[in-house]
Amino acid sequence: MSTPPAQTVAVRTRGVDMFFGDGETKVTALKQADFEANRGELIMLVGPSGCGKTTLLSVIAGTLTPQTGTVEVFGQRLDGLSQEELTAFRRKHLGFVFQSFNLIPTLSVLENVMVPLLIQGASHDVAVTKALAMLAKVGLKGREYGQPNALSGGQQQRVAIARALVHEPSLLICDEPTSALDKDTGAQIMQMVRDLSRSPERCVVVVTHDHRIFRFADRIAEMEDGRIRRVVEDAGLLDTNHL
Amino acid sequence: MYRLALNMLFGDRAKLAMLLCGLAFSALLMAQQTSVFFGIMSWTYTPVYNIRAPIWVSDPMVEQANDAKPMRDTDLYRVRSVDGVAWAAPLHTSFLQARMQDGNFKLITMVGIDADTFAGAPAVLSQGLIEDLRLPNTVIVDEWGAQLMGRVTKGADGKEVVIPLKVGDTFEVNDLEARIVGICKVRRAFTGGPFVYTTYDRTKQYTLGARRTLSFMLVEPQPGVDPAKLCARIEADTGLKAWTSDTVIWSWSDRSLARNTFWWFWKNTGIPFSFGTAVALGLFVGIAVSGQTFYSFVLENLKYFAAIKAMGAGMGVIARMLLVQAFTAGLLGFGLGVGMAQAIGRAMIEKGMPPFIMFPQIFWATLALVLGISLVSAIIGIIKVSRVDAATVFRG
Ligand SMILES: Nc1ncnc2c1ncn2[C@@H]1O[C@H](COP(=O)(O)OP(=O)(O)O)[C@@H](O)[C@H]1O
Ligand SMILES: [Mg+2]
């Protein structure tokens, strides 16, 4: 596989080491992890539990700073940034979809989707308008003023997708987005992520070990023991029993 | 974002109710306990309220209003001749034993007032006429005292009932008859006993011809004369001690009889200590309860604040969100708590027991404490959120 031209690279890590604790309890989560994702693609990170998927995702998202190595996201080096700079970077460029939805239960569906806009300093009215439009796109028209807990799991994850995309981030990060959902709902959610998030300028990284959704990926990076083992374009090439 | 912070707070009615209950309960406890404490302490200067005179003059050794060190009757003339004095009337106070019709003895506070001017007479009589005190062997008893000195009998249902003294009833003080010609309404005193008013001259008989009966002199300044300045002149001219009758105990005026009485009891008795422990306990429980409720509220929301932080909210925004939530809850809880304290206080004032005075200082101090607790809880929350790794949002 040839290295893509620099302007198409969205995410690149080189020689990233990440360990937790020290001495007896030291755990190495990433060992010289080299990872690359391109603009316009949906790439999946797969691998057995504990192989470092979430850790790598956190490093790319700028919520974890690795001990060694370089991290570059949309031309911006994240290693060496201060906490404040990382926060500002996430605010501007990142959208998150979490495994456990992480919707704020005491806020309405609409208010949950407004959060990224308000954090960016948008006015209340602008945030309402954009969030309403986004909720219509994920098919939740009419549920805007209800509480998230009144929705089904699939609907809640759709709220989360709306929240992750409402501020049009360059990088969308999804950690196990379907693991709390049944097969059909999971497929619907992935279809929605694909339809709504793919754009030539955006990169989507999805961590999963749910092989039923592999088919939604452009490429799949397989992880093992804290490093990328190989990258494939066809899910059929993966040894799914291994996952 | 602050509107959302408030909606986060108000979104969960059950938790909000818990939080407000905790805060209101502690505000109630703090305001209530201190108000009752100061209510009881204010009983120490009851004479200043009941007697109502612009200036009090006493022996120089007297330190507070319940202290009587009798002066010579001739001192009255010396005070009357001080420049600026409109008039000066004698006042006698003493603790005596009253022998009731059934043979029981009761401790009373006898107050002898000037029969010419009735200076120092009770403001309100619920029965009888003050002028009747000029008749021989007559007294006026206060309502609470009439109850205390009343006759205990068995009612129709076998329960004990007290029949309070009324106009026409008699008792004896030092074998001299005292006939009740009036019942008055006055504030209760710390010493608790009944007030028995009679004329100044008659107190000589009731006290078996004590040589000195002049406990205090009540002085009215001439129009336009400043009481505080007149006090200074009386002291300079006579060597006696002169007091003003303002009841602001939080002042620096060392001429105020009420203030000096209050703080004399504060310093010289165990009362502030014994009641003070109850107050301190109330404060402590209040702080603990509201701090704890707030803290658990913050803990429950920690996960969501971590998510907001991961999404790129700076600590400044999160800190302000937590402060908005904390102060809103604090103010609401304070309002509820102090409102309840006032309502209970009103009900207690109606019953007259225990006394209740919510000084503005108590109000503001409670507000400051509740907001202080809110602030501390918010700061703890802010520290917690700042410590929590944004990366934790990816973990279960
Ligand atoms: N905060 C942490 N403290 C200690 N060990 C951690 C922490 N986060 C991850 N690890 C460890 O790092 C390894 C990789 O974890 P993770 O990235 O969550 O794996 P995956 O998402 O592939 O299941 C695991 O052994 C895990 O126990
Ligand atoms: Mg994981």
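Readers should treat all values here as calculations from the given coordinates under stated rules, not as data from a laboratory. Just so it is clear, the model here is predicted, and its values are computed rather than measured. Counting neighbours? That spans all protein chains shown, and the Cβs are built from the backbone with ideal geometry, glycine included.
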Q.
If neighbour count is taken as other Cβ atoms inside 10 Å, put A:SER123, A:SER108, B:SER253, B:SER58 in order from fewest to most.
A. A:SER123, B:SER253, A:SER108, B:SER58
Q. So how tilted is helix B:2-11 from the main axis of chain B? Cα-based, degrees 0 to 90, rounded to 10.
A. 80 degrees
Q: Arrange the following residues from fewest to most other Cβ atoms within 10 Å of their Cβ: B:ARG72, B:ARG320.
A: B:ARG72, B:ARG320
Q. Between B:TYR295 and B:PHE118, 0.36 nm times their residue separation minus their Cα-Cα distance comes to what?
A. 57.6 nm
**Q.** Degrees, to the nearest 10: A:153-165 long Cα axis against longest axis of chain A
**A.** 80 degrees
Q: Express in % the proportion of alpha carbon pairs of the protein assembly as shown at distances exceeding 50 Å.
A: 44 percent
Q. Which entries in the list A:LYS92/A:LYS130; B:LYS15/B:LYS303; A:LYS141/B:LYS384; A:LYS130/B:LYS384 go over 25 Å, if you measure between the two C-alpha atoms of each?
A. A:LYS141/B:LYS384; A:LYS130/B:LYS384
Q: Provide the FRET efficiency to the nearest 0.05 for the A:SER82-B:ALA365 pair, computing r from the beta carbons and using R0 = 45 Å.
A: 0.60
Q) Where both partners of a DSSP beta bridge lie in the protein assembly as shown, what percent of those bridges are antiparallel, to the nearest 5? A) 70 percent
Q. Quick one: of the DSSP bridges fully inside the stretch A:6-235, what percent are antiparallel, nearest 5?
A. 55 percent
**Q.** CD proxy at 222 nm, helix term only [per DSSP H run n ≥ 4: -39500 (n - 2.57); per residue of chain B; nearest 500]
**A.** -16500 deg cm²/dmol
Q. Got a sec? How would B:VAL161, B:VAL324, B:VAL370 order by Cβ neighbour count within 10 Å, fewest to most?
A. B:VAL161, B:VAL324, B:VAL370
**Q.** Cα-centred dipole magnitude for the stretch A:6-235, charges only on beta-carbon of K, R (+1) and D, E (-1), debye, nearest 20
**A.** 440 debye
Q: Name the shape class, rounded, prolate or oblate, that the alpha-carbon gyration tensor gives for the stretch A:101-204, where a ≥ b ≥ c are the square roots of its eigenvalues, rounded holds for a/c under 1.5, and otherwise prolate holds if a/b is larger than b/c and oblate otherwise.
A: oblate
Q) Suppose R0 equals 56 Å; then what is the FRET efficiency for B:VAL152 and B:LYS229 from their Cβ-Cβ distance, rounded to the nearest 0.05? A) 0.60
Q) Can you work out the FRET efficiency for the pair B:ALA210 and B:ILE163, with r the C-beta to C-beta distance and R0 = 30 Å, to the nearest 0.05? A) 0.35
Q.
Between B:SER386 and A:GLU168, what is the label-point separation in nm under the 7 Å Cα-to-beta-carbon projection?
A. 3.5 nm
**Q.** Cα long-axis angle, helix B:257-268 against chain B (0 to 90 degrees, to the nearest 10)
**A.** 70 degrees
Q) What is the spin-label model distance, in nm, from B:GLU63 to A:LYS183 if the labels are put 7 Å beyond Cα along the C-beta direction? A) 9.2 nm
Q. Is it possible to state the helix-based mean residue ellipticity at 222 nm for chain A, with each DSSP H run of 4+ residues giving -39500 (n - 2.57), the sum divided by total residues, to the nearest 500 deg cm²/dmol? What is it?
A. -9500 deg cm²/dmol
